[in-house]
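The values are calculated or read from the model by the stated rules, or taken from the named source; none is laboratory data. Remember, predicted model here, so these are calculated numbers, not experimental data. Using ideal geometry, Cβ is built from the backbone for each residue, glycine included, and neighbour counts are taken over all protein chains shown. Protein only, heavy atoms only, side chains kept; ligands, DNA and RNA dropped before computing areas. Shrake-Rupley method; radii C 1.70, N 1.55, O 1.52, S 1.80 Å.
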Amino acid sequence: MITVYSKAHCPFCDKAKALLKLKGIDFEEVRIDQSSEAREFIMGEGHRTVPQLYKDGKLLVEGGYTGLAKQSSEFFEQLKG
């Protein structure tokens, strides 16, 4: 399962979620502005921006939405499986 760490009023978060939906990828959203544990996790991983995308507890791509948008069709097909 893909986890999208995001916050309110974040256009890049919205773009990342829209791209995943467009590609048919299931994900869960965790808002760092509503969960102190999520915020601490993201900061502890060395991130200072959102969105951050994780799969099975590991960073999926560097660069948030920009990194996600650069991925190939094959990348997204593998996420469906």
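The conditions of being loosely packed, with under 12 Cβ neighbours inside 10 Å and closer than 11 Å to TYR5 by Cα are not met by GLU74. Scan region 25-43 for residues that are touching a Cys at 6+ places or on another chain (Cβ under 9 Å) and surrounded by 17 or more Cβ atoms within 10 Å (Cβ to Cβ) and jot them down. Selection gives nothing.
Residues in region 54-71 that are open to solvent by less than 100 Å² (accessible area, probe 1.4 Å), of a type outside the set (A, V, I, L, M) and within 23 Å of PRO11 (Cα to Cα) were compared, and the one that is farthest from the chain's Cα centre (by Cα) is GLN71. Pairs are defined by a Cβ separation below 9 Å, a sequence spacing of at least 6 or placement on different chains, a first member in region 56-81 that is at positive phi, and a second member that is open to solvent by 50 Å² or more (accessible area, probe 1.4 Å) and in a loop (DSSP other than H, G, I, E, B); the pairs so defined are ASP56/MET1; GLY63/LYS70; GLY64/THR49.
Close contacts from region 1-21, counting a first residue that is in contact (Cβ under 8 Å) with a residue 12 or more places away in the chain and among the basic types (Lys, Arg) and a second that is in a helix (DSSP H, G or I) and buried (at least 17 other Cβ atoms within 10 Å of the Cβ), with Cβ to Cβ under 7 Å and a gap of 6+ residues or different chains, come to LYS7/CYS13; LYS15/TYR65. Which pairs do you get when a residue that is farther than 16 Å from MET1 by Cα, found in region 27-46, comes within reach of a residue that is in a loop (DSSP other than H, G, I, E, B) and modelled with pLDDT under 95, reach meaning Cβ atoms under 8 angstrom, with the pair 6+ apart or on two chains? Listed by first residue and then by second, the contacts come to nothing, as the list is empty. Checked against (1) in contact with an Asp or Glu (Cβ under 6 Å, 6 or more places away or on another chain); (2) surrounded by fewer than 16 Cβ atoms within 10 Å (Cβ to Cβ); (3) of a type outside the set (Gly, Ala, Ser), LYS7 passes all but a single condition, namely (2).
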